[in-house]
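S.K.: Take a look at the following structure, please.
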Amino acid sequence: MELKELKERFESLYGAGEVRFFSAAGRVNLIGEHVDYCGGKVLPAALNLRCVVAARKRKDNIVRMAATTIDLTAELDINKLDSYRNLRWGSYQAGVAFVMKEAGFDIVGCDMLVDCTVPFGSGLSSSAAIEVATALCFATFSAENGGKSAGREELAVLSQMAENSYCGVNCGIMDQFASACGKKGNAILLDCSTLQYEYAPMDFGDYELVIINSNKPHSLVDSKYNERRDECEIALELLKKELPHITCLADVTKAEFDEKSGVLSGKIYDRALHVITECERVNAAVKAMKSGDVKLFGKLLNESHYSLRDKYEVTGRELDALTQAARSFDGCIGSRMTGGGFGGCTVSLVKREKVKDFVKQVCAEYKKATGYDAICYETVISDGAFEII
Ligand code: GLA
């Protein structure tokens, strides 16, 4: 929504006066899937699909919240922040306020109107965008009140803590980090075990990154996600007996894995194999991007998808059909699911002049195969979190 309209909506809800705008990004992950919680490296980028929180301070201890896209509101008392874990809407924001208050921020009462253009359930991290935009708002108001302030990396960590400990979703750090720290035109190569990161200019020459939503609602996500995390923990504990120096699965080299993986069997072996090979693919993909080897980058996207499909088992019929349709298009050099999986979006690398035909053909084939209507988003790689001034 245009800021002018958002301001008008805000004022019609909460009265006329000054309105501030805090913006955080949805994200796409290029490669490095299901490795952030194993200490691996990931390569996400922030999008121009965003969450903007319009806000104004109040003089009491109340936070009032509403949204432009759904007809739900919530009201929080800053002194009772522990008690909003099961709201129909607003738990992410309550979690952020709770975690930040515990961390010593001066949480100020305020009115908020949330405008989120990251499609829900798309795998493009609408929840991270909401958390980070909210965290930026609270941190800014806290600092203006003489309290603690936070840099963007810290906003990401606080937002992840809120999602883990308050909302019960055991996610890694990738989404919140990309949402907070993204940079226009760049992907972020983030080492999830140290939080060291560097920007990598996203230049695919004659090829363009195309994001398509399978529109398959991904309802299994939370339960299966936590199950995969547990399986990785089991693999880590077993491998530690053989490789005492490792602290996370990403520490294990492929050579070490090949030598010691006899301690793993069945699904546990498959899950670990995915993580270890995906970590290798991230390194190869970064090298390919830096040296302009777009074809190799595309090949790595395909391999990542196959591993997520066969070894990690988080793709499903729809994402497999959508990426298969993409690969069969002459001009597409690679396609994979992005995000948690079981639905949501795919990313594909496609010859620039053929993108329109690609979208048309792939969506038609996908519809024939699954019955779902896919949607293509025209996105721009953008900055992470900032106040719009
Ligand atoms: C979700 C989680 C992330 C990450 C991805 C899979 O988006 O929120 O932390 O684990 O899945 O790569």
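S.K.: How about the range 80-136: which of its residues are among the polar types (S, T, N, Q), without any contact (Cβ under 8 Å) to a residue 40 or more places away in the chain and not in a loop (DSSP other than H, G, I, E, B)?
M.R.: Ser83
S.K.: Would you check if there is a residue in the range 335-342 being assigned to a helix (DSSP H, G or I), out of contact with any Asp or Glu (no Cβ under 6 Å at 6 or more places or on another chain), at pLDDT 95 or above and not charged (D, E, K, R)?
M.R.: no
S.K.: Residues of the range 19-69 being among the hydrophobic types (A, V, I, L, M, F, W, C), touching a Ser or Thr at 6+ places or on another chain (Cβ under 7 Å) and either modelled with pLDDT under 95 or in a loop (DSSP other than H, G, I, E, B) (or both), which ones?
M.R.: Result: Ile31, single match.
Residue by residue, here is whether (1) touching a strand residue (DSSP E or B) at 6+ places or on another chain (Cβ under 8 Å); (2) crowded, with 16+ Cβ neighbours inside 10 Å holds:
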{"residue": "His245", "(1), (2)": "no, no"}
{"residue": "Asp258", "(1), (2)": "no, no"}
{"residue": "Tyr269", "(1), (2)": "no, yes"}
{"residue": "Val275", "(1), (2)": "no, yes"}
{"residue": "Ser291", "(1), (2)": "no, no"}
{"residue": "Lys311", "(1), (2)": "no, yes"}
{"residue": "Arg327", "(1), (2)": "yes, yes"}
{"residue": "Arg336", "(1), (2)": "yes, yes"}
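S.K.: Which ones in the range 12-39 are within 16 Å of the ligand (Cβ to nearest atom), under 17 Å from Val114 (Cα atoms) and of a type in the set (A, V, I, L, M, F, W, C)?
M.R.: Once the filter is applied, which keeps residues that are within 16 Å of the ligand (Cβ to nearest atom), under 17 Å from Val114 (Cα atoms) and of a type in the set (A, V, I, L, M, F, W, C), the range 12-39 yields Ala24, Ala25.
S.K.: Could I ask something else about it? Please specify each residue of the range 336-353 satisfying the condition of being at negative phi and either among the aromatic types (Phe, Trp, Tyr) or within 16 Å of the ligand (Cβ to nearest atom) (or both).
M.R.: Once the filter is applied, which keeps residues that are at negative phi and either among the aromatic types (Phe, Trp, Tyr) or within 16 Å of the ligand (Cβ to nearest atom) (or both), the range 336-353 yields Arg336, Met337, Thr338, Gly340, Cys345, Thr346, Val347.
S.K.: Restricting attention to the range 124-179, which residues are away from the ligand (no atom under 11 Å from the Cβ), crowded, with 24+ Cβ neighbours inside 10 Å and among the aromatic types (Phe, Trp, Tyr)?
M.R.: Phe138
S.K.: Does Val380 satisfy the condition of being in contact (Cβ under 8 Å) with a residue 12 or more places away in the chain, on the phi < 0 side of the Ramachandran plot and in contact with a Cys (Cβ under 9 Å, 6 or more places away or on another chain)?
M.R.: Criteria not met by Val380.
S.K.: One residue is enough: does the range 313-321 have a residue meeting the conditions at pLDDT 95 or above, surrounded by 20 or more Cβ atoms within 10 Å (Cβ to Cβ), farther than 20 Å from Thr194 by Cα and of a type in the set (Val, Ile, Thr)?
M.R.: Yes, the range 313-321 has at least one match.
The values are calculated or read from the model by the stated rules, or taken from the named source; none is laboratory data. Just so it is clear, the structure is predicted and the values come from calculations on it, not from any experiment. All Cβ positions, glycine included, derive from the backbone under ideal geometry; neighbour counts span all protein chains shown.
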